[in-house]
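Read-outs throughout are calculated quantities, based only on the coordinates presented, and are distinct from any laboratory measurement. Given the structure is predicted, the values throughout are model-derived calculations rather than measurements. Every residue, glycine as well, gets a Cβ built from its backbone with ideal geometry; the counts of neighbours run over all protein chains shown.
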Amino acid sequence: MEYKDYYQTLGVAKDASADAIKKAFRKLARKYHPDISKEPDAAARMAEVNEAYAVLSDPEKRAAYDQLGDASRYQQTGAGAAQGGFQPPPDWDSHNFHFHHSGDADHGNYSSFFEELFGRAQQHRRRGPPPDMRGQDQHSTIELEVPDSYHGGMRVLRLRGVRLDAQGHAVEEERELQVTIPKGVHEGQMIRLAGQGAPGYGQGAAGDLLLEVRFKDDKRWHTQGKDVYQQLPLAPWEAALGGAVEFTTLAGTLEINIPPGSQAGRKLRVKGKGLPSRTPGDLYLVVQIIVPPVFNDAQRAAYQALSKAFDGRNPRTGDTV
C-alpha cells in the first residue's frame, strides 16, 4: 500500500492553517471538478483532493495523520518496504476518532490508504474504548544566535498545533513555551521538552517535544561542531607589523598576538575558547583587513608615502615580497 502525502496533494505546508487548507481545497476543486474540468484525469485528481481534504480539515484526523509522519517514513524504508509499501503502526487501531465531516468535500471512494488507517480505527471504536497510550513525540526547530551557546538563557517559543479538549476532541491552538537554552548548546543538538508533544490517548501521558537547534546566519561568526570562527578586523599596519591587539571575542575580551605579515583569511587559533563543554571547542579568529577611508590631506599623504615606499610591488601579479 502506497503512503499518501495529503499536504503535497493540496499543495500546502505541514503547518498550514485550517483557512489555508480550505482555500487550497476550493482552488483545486474548481480546477478538477469533473462537471467543469477539461483535465483528462480530473475525476481521479478530484478524488485525491477530496480524500486529502477529508483528513486535513478534520482536526482529529489531521492530528493522528501528523503523528503518523515519522513512522510512515520508517515503514517505507524498513520492514514495510519488504512487505510491499507502507504499513500502519501496530497500535494504530487504538486511535479513537470522532467521525464528523465538513460540507465542502464529497466524501466517499477513498483509497485503500485512507480505509486502512481511518476505517480500521472506526471498526475498533465499535469494539470498545481504546487503551491508554502515550502521545507521539513531536519535532520542531529553534533558531538561536551563536553567542547564546556561551551564555545559555531562556527563550519564548510560539508553536501551532492540536490539543484535546475536555470532551476528547482535537482543537487547534497556538501556545507559548519557555525554553531553557543550555550553555554550550551546538547546532544540530536536540532540546527535549518533556510532556509538550502530542497528547496521549485515554490516560496516556503526552509525548515530548524535540527542538533541533539551528544557528542564525551571521557574517561575523559561524560554527563547525564545537569550534567557532569569528572575523578579526585589522588595519593594514596591524596586519603588516604584527603585535598585540585587544579584541572582544565571543569568549570575552582577549589580547591577541598578531604575527607580522598576516594576510586576509589567516586563522589564529585560541585554544579552548570555542563553544563551552566539558571539552570546549577552539576559537579561530579569521583575519579581515580593513582599509581605512581617507578624510583629510594628512591621511592622503600617508597613503602616497606608503605607495612610494612599496614602489614596484603589484599584488595582482603576486609580487608581494
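Pairs Lys183/Lys219; Lys4/Lys38; Lys226/Lys273; Lys226/Lys267; Lys27/Lys61: which exceed 20 Å Cα-Cα? Before the final figure, lay out each step's value.
On the way: Lys183/Lys219 22 Å; Lys4/Lys38 25 Å; Lys226/Lys273 10 Å; Lys226/Lys267 16 Å; Lys27/Lys61 22 Å.
Beyond 20 Å: Lys183/Lys219; Lys4/Lys38; Lys27/Lys61.
On full extension of the chain, what length is gained from Gln288 through Asp5, given 0.36 nm per residue of separation minus the C-alpha to C-alpha distance?
Extra length from Gln288 to Asp5 when fully extended: 97.1 nm.
Below 18 Å, Cα to Cα, which aspartates and glutamates can Lys271 reach? Residues fewer than 8 away in the same chain don't count.
List returned: Asp227, Glu246, Glu255, Asp282.
How high is the relative contact order of the range 228-321, in percent, with contacts defined as C-alpha pairs under 8 Å that are six or more residues apart?
Working: 135 pairs, mean separation 26.0, N = 94.
Worked out over the range 228-321, it gives 28 percent.
Need the full-extension length gain, Gln224 to Asn296, defined as separation in residues times 0.36 nm minus the C-alpha distance. One decimal, nm.
21.6 nm
Mind running the shape call on the range 221-317? Use the C-alpha gyration tensor, a ≥ b ≥ c as the square roots of the eigenvalues: rounded below 1.5 for a/c, prolate if a/b tops b/c, oblate otherwise.
Prolate shape, in that a/c is at least 1.5 and a/b is the bigger ratio.
Can you pull the one-decimal nm distance between simple spin-label points at Val156 and Glu174, each 7 Å off the Cα toward Cβ?
1.3 nm
If the only charges are +1 at each Lys and Arg Cβ and -1 at each Asp and Glu Cβ, what is the size of the charge dipole of the range 1-43 around the Cα centre, to the nearest 20 debye?
240 debye
Classify the range 138-215 from the C-alpha gyration tensor, please: rounded if a/c falls under 1.5, else prolate or oblate depending on whether a/b exceeds b/c.
prolate
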